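All of the numbers you see were taken from the coordinates with simple rules; none came from a lab. All values derive from a computational prediction rather than experimental measurement. Neighbour counts are summed over all protein chains in view; Cβ atoms, including those assigned to glycine, are modelled from backbone coordinates with ideal geometry.
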Amino acid sequence: MESRQEKTESTPAIVIMAAGKGTRLKSKRPKVLHEIGGKPLLRYVIEAACEVVAAHDIVVVIGHQADRVRAAVEQTGVRFQEQTEQRGTGHAIQCAVESIAGYENFLVLSGDVPLIRPRTIEAVWRFHQQERAAMTLLSADLPDPMNYGRVIRKSPGSAQVAAIVEQKCLKPEQLGLREINMGMYAFKTAPLLANLGQLTTENPHGEFYLTDMAQLLEAAGERVVAFKSSEFEELLGVNTIAELASLDTALRARTARRLMDSGVTIFKPETCMIDADVEVAADTVIEPFVQLLGKTRIGADSRIRSYTVIENCSLGDDVLVRQGCVLSESTVESGARIGPFAHLRPGSEIGQGAHVGNFVETKKARLGKGAKASHLTYLGDAEIGEGTNIGAGTITCNYDGVNKHTTRIGRNAFVGSDSTLVAPISVGDGAYIGAGSCITKDVPADALAVGRGRQMNKEGWAAARRAPRVTKDVHS
Ligand code: UD1
Ligand code: MG
């Protein structure tokens with residue numbers, strides 16, 4: 001992953017705590033791998049950190065299902081530190097200290113606070129340096145501070161902090177405090193290390209609380225300050241599925257806004273599901289109830305009609321995807337027309353100006369420029385040349401029960417309706433296939449192939465069948 005800054009003397013390390021189980025989510029999946037906007041929570045935190053320091057300056061503390069978490073974010077190039085037993089946020093940092101030896105300062109982020117912006121991380125870092133603090137924490141005034149740690153200032157209005165008190169430890173007179181600890185910190189490494197061993201588990205959870213460092217450092221004569229942010233929405237953590245859903249909504253609104261600001265029209269954006277990494281060029285129109293997922297890219301002047309789902313696809317300019325289509329891992333070149341109700345499965349490559357119409361399914365199928373498959377067709381493991389017309393109901397029989405085989409059809413060919421092409425098979429350029437054929441042998445270029453039972457007409461047969469019958473006299 002690219003990062004913005006080269007390491008300098010003062011570059012801090014960033015520790016991302018991601019070892020917790022996320023008990024309150026009641027899920028088998030580790031909390032930091034739950035997704036919003038189509039990506040795991042932890043991925044967002046790492047990406048934000050990578051905007052501030054280089055990937056090798058980042059240490060992710062993993063523990064619960066460590067292998068799974070590591071595998072999900074390994075490609076970012078960050079370092080990992082295992083916390084085999086999760087004994088609290090203070091313990092997570094105790095585990096990480098050896099990985100950050102040599103850094104004069106380090107920042108701490110939570111893997112479950114995904115909307116954090118690089119500029120907020122930088123603001124905390126700058127404030128920490130200006131204040132020459134041993135510990136800087138990020139705080140905010142929340143209308144509903146329930147379940148967060150509360151910040152106790154040394155005196156009202158002071159930049160200095162005396163302590164952070166967790167919800168369950170609040171004294172009755174502290175219950176009204178609204179300034180909360182957002183779980184992001186900057187530490188000077190030396191004083192932190194000198195006092196880290198003093199953390200205890202004497203609290204309602206029996207855990208080592210990193211938040212207790214505020215009081216410990218203060219008591220040791222060190223400077224502890226809080227940087228108050230007014231944009232608390234980006235700092236909200238995920239502790240329940242309901243919180244996950246609300247952050248997902250917030251993130252998708254942010255993504256839709258980014259696209260609209262760059263000239264994309266999105267009607268009823270609140271009904272669309274657009275993943276964080278999706279790119280769309282200006283003057284493309286997205287209709288209501290569309291899903292654009294994964295790394296989907298769409299060019300300019302295209303239109304995606306309602307109820308279409310597109311995942312990890314690349315679409316060119318002036319593409320029309322009509323209602324109710326499902327496109328995955330495929331490419332669609334400029335000017336192509338898809339749907340309604342078409343299914344492009346992985347490996348489909350739809351050429352410039354090609355048509356894939358109603359109830360057509362493609363898989364690993366390449367359609368050349370201007371090729372058409374307008375109705376009720378299956379094209380699997382197929383190469384269709386430029387300008388070729390595939391009639392309604394055509395099926396490439398690509399599977400013999402054991403292996404998959406390819407169907408190759410040349411340019412400007414014509415496949416009559418209701419034909420089956422038993423692969424492996426080739427049809428030459430300009431060839432014709434009569435409607436209703438079952439094609440089992442290669443067809444040469446410019447030939448006509450007909451593979452069907454011959455029609456027989458019996459003159460007068462129907463009329464004879466309808467003629468009144470002579471009924472037998474039962475009394476004779
Ligand atoms: C923490 C803070 C609280 C703050 C809140 C902000 C403490 C004691 N409390 O509470 O003051 O208001 O964040 O969101 O720190 N983790 C580990 N190893 C562990 C335990 C946790 O890596 O042993 C990780 C978790 O995976 C998570 C992060 O640390 O990403 C925070 O842990 P969590 O349990 O969510 O703390 P909160 O209860 O939210
Ligand atoms: Mg939390």
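Brief remarks follow.
- Cα-only radius of gyration and Dmax that characterise segment 257-449, units Å: 17.4, 55
- Modelled spin-label separation between Gln174 and Ser155, with each label point placed 7 Å from Cα along the Cα-to-Cβ direction: 2.1 nm.
- Excluding same-chain neighbours fewer than eight residues apart, the lysines reachable from Lys188 by a Cα-Cα span under 18 Å are Lys7.
- Ala219-Ser10 FRET efficiency (beta carbon distance; Förster radius 25 Å; 0.05 resolution): 0.35
- Rotationally averaged projected area of segment 13-235 (alpha carbon convex hull; nm²): 11.7 nm²
- Gap separating the Cα centres of segment 424-462 and segment 21-39, nearest whole Å: 57 Å
- Label point 7 Å beyond Cα of Ala123 along Cβ direction - residues of segment 212-229 with amide nitrogen under 19 Å: 225-229
- Restricting the calculation to alpha carbons of the chain gives Rg and Dmax of 32.3, 129 angstrom.
- Reach of Lys154 by Cα under 19 Å, taken over lysines that are not fewer than 8 positions away in the same chain: Lys171, Lys228
- Fewest neighbouring Cβ atoms within 10 Å first, the residues Ile274, Ile36 line up as Ile36, Ile274.
- Folded to 0 to 90 degrees: helix 41-50 orientation relative to the chain principal axis, Cα: 70 degrees
- Rounded to 10°, Cα long-axis angle of helix 241-261 versus longest principal axis of the chain: 70 degrees
- Secondary structure note: in segment 123-230, about 70% of the DSSP beta bridges are antiparallel.
- Spin-label model, Arg257 to Asp446: label points 7 Å out along the Cα-to-beta-carbon direction sit 6.4 nm apart.
- Among the listed pairs Lys268/Lys364; Lys21/Lys168; Lys372/Lys458, those beyond 29 Å (Cα-Cα): Lys268/Lys364; Lys372/Lys458
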